[in-house]
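Attaching a single structure in structure tokens format; questions to follow.
Coordinate-derived values only; no laboratory data. Note that the structure is predicted; figures quoted are calculated from it, not measured. Using ideal geometry, Cβ is built from the backbone for each residue, glycine included, and neighbour counts are taken over all protein chains shown.
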Amino acid sequence: MQIHATTILCVQKDGVTAMAGDGQVSAGQTILKGNAVKVRKLFSGKILAGFAGATADAFTLLEKLEEKLQAFGGNLTRASVELAKDWRTDKMLRRLEAMLIAADNEKIFLLTGNGDVIEPEEGVVAIGSGGNYALASARALLRHTTMDVQSVCRESLKVAAEICVYTNNSITLEVLKA
């Protein structure tokens, strides 16, 4: 499933997790809003979540993730797997058109409506129309600089905004430290 019209990036390194998202909301070729917040802290600030896709659908998924986190005492792995199972099998949830990235200080997961719970190999993952640009930039910065994860996220979203017409420079950045 390819979700358009946003960019969300998550990077982990040296016990720090950073997640950033742009603020553009688009409908077709029209920009409706430039400062939307698509990255949130959940579970008393211990979990980061970011979304791409239909806003109402994404908010529904964020609520469901928060419920699963509460039910499983903040265990991100268990909450993510249970959400993915529900998302794939529940009649209403199955129709939701969004993707999520969820992270704590140890793990990052990409969650999709296909039942996917993917943990990236290199501690970096991105979604949305500008996701591949941000991902490529983040990987290069992580390999060839000593930048901290906050700077990597910020600079990588700026690169995506220069290339992707559905991504802007209004960046929300959230950080978890060990």
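How high is the relative contact order of segment 7-177? Use alpha-carbon pairs under 8 Å, at least six apart in sequence, and give a whole percent.
Relative contact order here is 33 percent.
Okay, moving on. What is the Cα centroid distance between segment 70-123 and segment 20-47, reported in whole angstrom?
18
Mind jotting down a quarter of the surface of the convex hull over the alpha carbons of segment 7-177, in square nanometres, one decimal?
Values: hull surface 36.2 nm².
Across all orientations, segment 7-177 yields a mean hull projection of 9.1 nm².
Additional query: Given the -39500 (n - 2.57) contribution per DSSP H run of 4+ residues, what per-residue ellipticity at 222 nm results for the chain, rounded to the nearest 500 deg cm²/dmol? Write down the numbers at each step before the final one.
On the way: 4 runs with 60 residues, N = 178.
So the calculated ellipticity at 222 nm is -11000 deg cm²/dmol.
Another question, if that's okay. Among VAL16, VAL152, VAL125, which one shows the highest mean-square fluctuation when the chain is modelled as a Gaussian network with alpha-carbon springs under 10 Å?
Sorting by GNM fluctuation, first place goes to VAL16.
Separate question: Which pairs in the list LYS85/LYS177; LYS85/LYS158; LYS13/LYS158 are over 31 Å apart, alpha-carbon to alpha-carbon?
Checking Cα-Cα distances, LYS85/LYS158 exceed 31 Å.
Please report, in debye to the nearest 20, how large the charge dipole of segment 7-177 is about its Cα centre when each Lys and Arg carries +1 at its beta carbon and each Asp and Glu carries -1 there.
Here the size comes out at about 160 debye.
Using Cα springs under 10 Å in a Gaussian network model of the chain, which residue among SER156, SER129, SER44 shows the largest mean-square fluctuation?
Its mean-square fluctuation being the largest, the pick is SER44.
Now for a different question. Which of GLY15, GLY123, GLY115 moves the most in a Gaussian network model of the chain with Cα springs under 10 Å?
So, out of GLY15, GLY123, GLY115, the one fluctuating most is GLY15.
Right, here's the next one. Want the number for THR60 to THR77: 0.36 nm per residue separation, take away the alpha-carbon distance, what's left?
4.2 nm
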